[in-house]
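Below is one structure, written out as C-alpha cells; comments come after it.
The values are calculated or read from the model by the stated rules, or taken from the named source; none is laboratory data. Computed from a prediction, not measured in an experiment: that's the story for all the values here. Here the Cβ positions follow ideal geometry from the backbone for every residue, glycine too, while neighbour counts run over all protein chains shown.
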C-alpha cells in the first residue's frame, strides 16, 4: 500500500513538473483619458495665442488669441485688429463655433487684416475635432490641422 501511494505521488509530481507554468491572466489595466471636463478646465485657464493657421506658421503676435468660458459656452479674443467673440459647443472631441462677431475697427496693417479675415472665416460656424497636447490646442478638419494655438497664462502679456 505504501508503495502504491508513493508511486502515485511520484507520478503526480512528475506530471506537474512537465507542464509549463500556467500564465495567470491579469485583468486589463484601463487608463482613462482626460475627460472633456478636465480638458476644458485646463483650456479655460489659458489664453490661446495663434501660432499656425492652415499649415502656415504665424508671426508671433500678442494680439491674436482666444479664451474660452465653459460656464457660458462663449469664447472671446482678438483677431489682430479687432476684438472677437462667439459661442461654442462641445461633444467629445468635437467643437463647433457659432455666432462669431467682431468689432469693426480699421486695420491699417494689410497682413494683419488678411490674417484677421482668415481667422474669422475659419471660426465662423465651423466644426472641428480638437486635441490639447504639449501646451497646444489644435483644431482639425479631416485630420488636417487648421488652427494651432499655444497656451499662455491669462495674466501674461
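Among (1) under 18 Å from the mean Cα position of the chain (by Cα); (2) closer than 18 Å to residue 51 by Cα, which single condition is residue 142 missing?
So the condition that residue 142 fails would be (2).
Being at positive phi and part of a loop (DSSP other than H, G, I, E, B) is the filter; apply it to the range 58-112 and report the residue that is surrounded by the most Cβ atoms within 10 Å (Cβ to Cβ).
80
Restricting to the range 12-57, count the residues that are part of a strand (DSSP E or B) and at pLDDT 90 or above.
In the first step, residues of the range 12-57 are kept if they are part of a strand (DSSP E or B); the result is 46-53, 56-57.
From what is left, the residues that are at pLDDT 90 or above are 46-53.
The total comes to 8.
Going through the range 64-92 one residue at a time, which ones are in contact (Cβ under 8 Å) with a residue 60 or more places away in the chain and farther than 14 Å from residue 41 by Cα?
Taking the range 64-92 and keeping what is in contact (Cβ under 8 Å) with a residue 60 or more places away in the chain, we get 65-67.
Hits for the range 64-92 are 65, 66.
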